[in-house]
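Asks: Could you have a look at this structure, given as C-alpha cells, before my questions?
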Amino acid sequence: MDITIQYTFLPHTDPEASLAFYRDVLGFEVRNDVGYDGMRWITVGPVGQAGTSVVLHPPAADPGITDEERRTIAEMMAKGTYASIVLATDDVDGAFDQVQASGAEVAQEPIDQPYGVRDCAFRDPAGNMVRIQEPR
C-alpha cells in the first residue's frame, strides 16, 4: 500500500492574516482561494511539493456543529490548543529568525529535544501551534 498525505486542515480567524503568514512568512505558495457564503478556504503548500497542501478554513463551518461546539472551538483556538502542524527544515535557527522577525508569537525558541530534533514553535494568526523541526 502506498499512502501519502495530500491535505491537512487548519482553521483561520482572519483569512488575510493567515494568508500573509503562510505565504509571506513561511514561503508557501497559494494553490487555491475559494470564497463561499461569506467564508473563505485558502489552500497553500510548500513550493516544489505539489502533493502536500494545507487548507486554511473557517472554523466550525459545518452546519451540523452546534453553537456550544462553536464556542468550544473558539475557546480552544484562543488558547492555541485546537490545531497544530509540524514542519521540517534543514535550518531551524534560520527559520526561527525569519518567523520571529515577522512578529509572530513565539511559543518556544529553538532547543535540542531528547527525541532527536532541534525545534521551535510559533502561533499562527489564528492561534494554531506551528512547530518547525530540524532532524539531528
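Asks: Checking residue 88 against (1) modelled with pLDDT of 90 or more; (2) surrounded by 15 or more Cβ atoms within 10 Å (Cβ to Cβ); (3) closer than 27 Å to residue 4 by Cβ, which test does it fail?
Replies: It fails just one condition, (2).
Asks: Considering only residues that are closer than 14 Å to residue 12 by Cβ and surrounded by fewer than 16 Cβ atoms within 10 Å (Cβ to Cβ), which ones fall in segment 39-52?
Replies: Within segment 39-52, just 39 meets the criteria.
Asks: While we're here: Restricting attention to segment 29-45, which residues are farther than 12 Å from residue 18 by Cβ and touching a Ser or Thr at 6+ places or on another chain (Cβ under 7 Å)?
Replies: If the condition is that a residue be farther than 12 Å from residue 18 by Cβ and touching a Ser or Thr at 6+ places or on another chain (Cβ under 7 Å), then 31, 32, 45 are the ones that fit.
Asks: Cβ contacts < 7 Å: first residue more than 25 Å from residue 24 (Cα to Cα), restricted to segment 102-117; second residue at pLDDT below 95, any location; separation 6+ or different chain. Result?
Replies: Between residues of segment 102-117 that are more than 25 Å from residue 24 (Cα to Cα) and residues that are at pLDDT below 95, the close pairs are 112/136; 116/135; 116/136; 117/135; 117/136.
Asks: Would you confirm, using the coordinates I've provided, whether residue 50 is part of a helix (DSSP H, G or I) and not β-branched (Val, Ile, Thr)?
Replies: no
Asks: Next question, about the same structure. What's the number of the only condition in (1) at pLDDT below 95; (2) surrounded by 15 or more Cβ atoms within 10 Å (Cβ to Cβ); (3) over 14 Å from residue 127 (Cβ atoms) that residue 74 fails to meet?
Replies: (3)
The values are calculated or read from the model by the stated rules, or taken from the named source; none is laboratory data. As the structure is a computational prediction, the values presented were derived from the model and not from experiment. Note that we place each Cβ from the backbone using ideal geometry, even for glycine, and neighbour counts take in every protein chain shown.
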